[in-house]
Structure formats: C-alpha cells, structure tokens
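FYI, it's all coordinate maths here, none of it is from the lab. Note that the structure is predicted; figures quoted are calculated from it, not measured. Here the Cβ positions follow ideal geometry from the backbone for every residue, glycine too, while neighbour counts run over all protein chains shown.
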Amino acid sequence: MLNSDTMTITTPNDREIEITRVFDAPRTLVFKALTTPELLKTWLLGPPGWTMTVCEIAPKAGSAYRFEWRKDDGTVMGMGGVLREVIQDERMVSTERFDTSWYPGEAVITQSLVEKNGRTTLTMTMRYESREARDMVVQSGATAGMGMGYDRLDELLLSLGAA
Amino acid sequence: MQLKGYGRLTPERLNATFAALADPTRRAILTRLAEGEASVTELAEPFDMSQPAISKHLKVLEKAGLVTRGQDAQRRPRRLEAKPLAEATEWLERYRKIWEGNFRRLDALLDELKRTHKKSSTTR
C-alpha cells in the first residue's frame with residue numbers, strides 16, 4: 001500500500017496505455033524482478049486459485065519468452081512473444097500475444113526504468129494494434145487474460161517479505 | 001464486454017472524455033463547476049484568459065458531454081455533467097486495480113530482495 005499513490009495510468013493516444021509506478025528499490029533489483037523466472041512467479045500471478053506454471057524468460061534481445069498460468073479447476077492461460085530490445089537495468093521492448101486471443105493482434109510492451117535517489121520509476125507502455133484492441137484490454141480488465149485479481153498473492157508476498 | 005449499467009459507453013465517447021480531461025484549464029473549469037453552475041464570465045475570472053479562449057475550452061467539454069448549458073437565457077450558465085466522468089473513472093479504475101495488485105506484490109518482493117542483497121554484501 002505504501003506506493004499506491006505513486007501509480008498513474010494514462011491513455012496517451014488511441015492505441016496506448018501507459019502505466020508508471022515508483023518502487024522503493026534500485027533499478028537493478030526491479031530489472032531482476034521483471035526478468036528472473038523464479039521471481040516473476042512470486043508476483044505475476046493469478047487471483048486465488050491461479051499459479052504460474054510456466055515462466056521462461058531470459059533478458060536477451062531476440063529471445064522468445066513464454067508465460068503460463070493454471071487455475072485450480074484446470075483452466076490454463078498462456079501468452080508469449082519476443083524480446084525485441086533489452087538494455088540491462090534500463091529498458092525492455094517485447095511483443096505480447098495471448099493463446100486465446102481476447103484482443104485482436106499483437107501488443108508491443110515497452111518497459112523502462114529510471115532510478116533517482118535509490119527509488120525506481122517503472123514506465124510501461126502497452127501499444128495495441130488498434131484502438132478497439134486497447135479498449136477491449138481495459139474493459140475486460142478484471143475478468144480476462146492478464147486481468148486477474150491478485151489480492152491473496154499480495155498477502156503471500158508480504159509474508160515472504162516478513163519471513 | 002460493455003460495462004454494467006453503462007450501455008451507451010463507446011470508445012468514441014471515452015476518447016472524447018479523456019481528450020477533454022487532458023488539459024489543465026479544462027480540469028480547472030470542471031473543478032469550479034463541481035461547486036455549482038457558472039457563467040462564462042464567472043468561469044473566465046480566475047484564469048488569465050480571454051472569454052473566447054474559455055469558450056473554446058467549454059466547447060470541448062460540451063462536446064464530450066461533460067458540461068451542459070442551463071436554462072437562463074441571459075447568463076447561459078454552464079453546469080457539470082457527472083455521468084461521463086464517472087464512466088471514464090470506472091473504465092480505468094478496474095484496470096488500475098489489477099496493476100496495483102501486481103505492483104504491491106512486487107513491492108514486497110523488492111523489500112525482500114533488498115534485505116537479502118544487504119545481507120550478502122555485508123557477509124562478503
């Protein structure tokens with residue numbers, strides 16, 4: 001909850017969504033959390049009942065990545081793409097496509113990290129192939145695809161942090 | 001995939017709303033109108049701007065459905081329309097919650113990483 005007020009979401013143009021968030025950590029650690037499979041599995045999770053079953057990613061330009069989540073009722077959701085550009089601790093550009101395409105086309109995600117006084121601002125820009133695709137992503141938010149509720153996992157990580 | 005209770009919500013309308021909200025003067029006008037209706041003259045007062053400039057901003061706000069004109073033919077008071085604002089807020093709010101959840105977990109992870117990082121560098 002500490003950093004809730006540091007997050008902004010904007011729609012800079014018809015096809016994009018931009019999220020910025022400040023983290024109380026140096027950017028090397030944020031980059032690590034964004035690109036290390038064992039770490040991604042602890043926070044990029046589904047709502048209660050979901051686990052991340054496949055997490056294949058290596059911070060190398062040109063490499064493919066693959067994520068899969070499984071719900072306790074057996075439902076599987078997968079997505080993947082290619083890391084187009086990787087600058088260690090600084091910037092990553094990737095493509096994103098879900099197996100069951102709940103929005104048309106492919107998205108291009110740009111993540112950049114800027115550190116100041118030990119705090120890091122993450123800027124994520126999601127660029128979709130059309131305005132319609134972008135709006136579908138936002139409108140279906142809480143129910144489909146990456147739109148999953150994460151409350152219980154929040155607690156999990158908090159307890160990990162306290163351990 | 002339409003939001004419940006907002007049957008007429010369209011991407012066009014949302015875009016008009018967000019475009020209207022993108023300008024600081026227009027946001028200030030809306031803040032003023034949230035206190036009650038006001039004429040163009042009254043709205044122009046706090047700004048270092050001509051009435052035509054304010055009228056131009058009002059036109060954008062009216063087109064987005066955020067502002068309407070009152071009955072008084074002399075003053076033509078403008079008033080705030082709350083519904084499109086509520087729609088736009090809800091549209092982004094659902095999305096925000098998803099990411100806020102993600103990032104809160106990431107906060108906890110980063111705290112843990114910082115701790116282990118410190119530990120390993122002090123034992124070195």
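Counting Lys and Arg as +1 and Asp and Glu as -1, what is the net charge of the other residues whose Cβ lies under 11 Å from the Cβ of A:Gly80?
Net local charge, A:Gly80 excluded: -3.
Taking beta carbons within 10 Å but only from partner chains, what does the mean come to for residues A:19-31?
Mean partner-chain Cβ count within 10 Å for A:19-31: 4.
Please compute the average number of Cβ atoms from other chains found within 10 Å of each residue's Cβ in peptide A:34-43.
Averaged over the peptide's residues, the number is 2.
Quick check on my link table: of A:Lys32/B:Lys119; A:Lys41/A:Lys71; B:Lys97/B:Lys119; A:Lys60/B:Lys119; B:Lys59/B:Lys83, which ones sit more than 24 Å apart, alpha carbon to alpha carbon?
B:Lys97/B:Lys119; A:Lys60/B:Lys119
Using the per-residue mean of other Cβ atoms lying within 10 Å as a proxy for protection, in what order, highest first, do the peptides A:68-74, B:76-82 fall?
Going from most to least packed, we get B:76-82, A:68-74.
Could you list A:Lys60, B:Lys97 so that the one with the fewest beta carbons within 10 Å of its beta carbon is first and the one with the most is last?
A:Lys60, B:Lys97
Cα centroid distance between region A:69-113 and region B:68-88, in Å?
About 43 Å separates the Cα centre of region A:69-113 from the one of region B:68-88.
Using a/c under 1.5 as the rounded threshold, could you call region A:9-52 rounded, prolate or oblate? The axes a ≥ b ≥ c are square roots of the C-alpha gyration tensor eigenvalues, and prolate needs a/b larger than b/c, oblate otherwise.
oblate
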